[in-house]
């Protein structure tokens, strides 16, 4: 049985769409459909069904999910052991949106030049979602915000970049006192469901501040555009460039206590891809140092 077909089945189930699975796997939707048809023919059962606009596993599909994930994991483990001593193989990495545009492109360029035999699959998502994907075994490592809870002993954590919290304001307010601005200006909140947003809320609470909140968004890029257009101010991390084109806003340091968002790599210590993870961490660390 071709494990690529099993991987395709899992991608469709995880993303609820053949089109999205095709995009993530670098295939055409027709190729995904053909793989699924071949797998269903081989197993003699219908594995997927359409529910509204989404694709869900059938009863037979649910029945094979666990062994399918184990089969893919075992195949990757065999490839890793076959390449023991070499920095080669496949790594599934989750990454938050600001890392996808800031840290990851140059890091992947470094990685490709040094280790051309490494194949990387990147899953975008929020930190909490990527943490859940790591728990479920859908990815090998995650580039995310440090979890707001103790990291279990079965996992390792490596900080790649520290991003101080700042006050982002429209250009015409840049010379005003930051505490006065927070007290008087409309406040655009970094979503508290986001781990970075919780950090911003912790800073506000530490300073006994209750801003004039009117928007709460989970995308830093969107917040910066809102501030640039004079719609309010925001407390957020000074994330790695590039920022959205045309943003005209000023970064103002925040009064103590200083707080920062830690961006790092989280992975399981017993992962068969530790050698690959080390290579990715090295490339990310060099990129972070060059950004400053």
So is residue 132 within 27 Å of residue 66 (Cα to Cα) and surrounded by fewer than 18 Cβ atoms within 10 Å (Cβ to Cβ) or not?
-> yes
Hey, could you check segment 40-53 for residues that are part of a strand (DSSP E or B) and modelled with pLDDT of 90 or more and say which is farthest from residue 13 (Cα to Cα)?
-> 49
Would you mind listing the strands (runs of 3 or more DSSP E) fully within segment 190-292 where at least 3 residues are within 29 Å of residue 113 (Cβ to Cβ) and modelled with pLDDT of 95 or more?
-> 260-268
Qualifying residues in segment 1-39 (those that are within 24 Å of residue 124 (Cβ to Cβ) and not in a helix (DSSP H, G or I)) - the one farthest from the chain's Cα centre (by Cα) | 28
When segment 54-95 is examined, which residues are found to be surrounded by 12 or more Cβ atoms within 10 Å (Cβ to Cβ), at pLDDT below 90 and part of a loop (DSSP other than H, G, I, E, B)?
-> 83, 86, 87, 88
Residue identified as in contact with a helix residue (DSSP H, G or I) (Cβ under 7 Å, 6 or more places away or on another chain), within 30 Å of residue 109 (Cα to Cα) and surrounded by 15 or more Cβ atoms within 10 Å (Cβ to Cβ) among 234, 271, 224 | 271
Single match in 109, 120, 143 (criterion: free of Cβ contacts under 8 Å to residues at least 24 places away in the same chain and either assigned to a strand (DSSP E or B) or within 20 Å of the chain's Cα centre (by Cα) (or both)) | 109
What is the residue count in segment 151-201 for residues that are under 17 Å from residue 255 (Cα atoms) and within 17 Å of the chain's Cα centre (by Cα)?
-> 1
Could we say that residue 292 is surrounded by fewer than 22 Cβ atoms within 10 Å (Cβ to Cβ) and not assigned by TED's automatic domain parsing to the domain that holds residue 206 here?
-> yes
Would you be able to tell me the number of residues in segment 208-217 that are surrounded by 13 or more Cβ atoms within 10 Å (Cβ to Cβ) and either touching a helix residue (DSSP H, G or I) at 6+ places or on another chain (Cβ under 6 Å) or under 19 Å from residue 259 (Cα atoms) (or both)?
-> 3
What number of residues within segment 3-24 satisfy the criterion of being within 22 Å of residue 119 (Cβ to Cβ) and free of Cβ contacts under 8 Å to residues at least 24 places away in the same chain?
-> 6
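The values are calculated or read from the model by the stated rules, or taken from the named source; none is laboratory data. All of these numbers come straight from a predicted model, not from anything done at the bench. All Cβ positions, glycine included, derive from the backbone under ideal geometry; neighbour counts span all protein chains shown.
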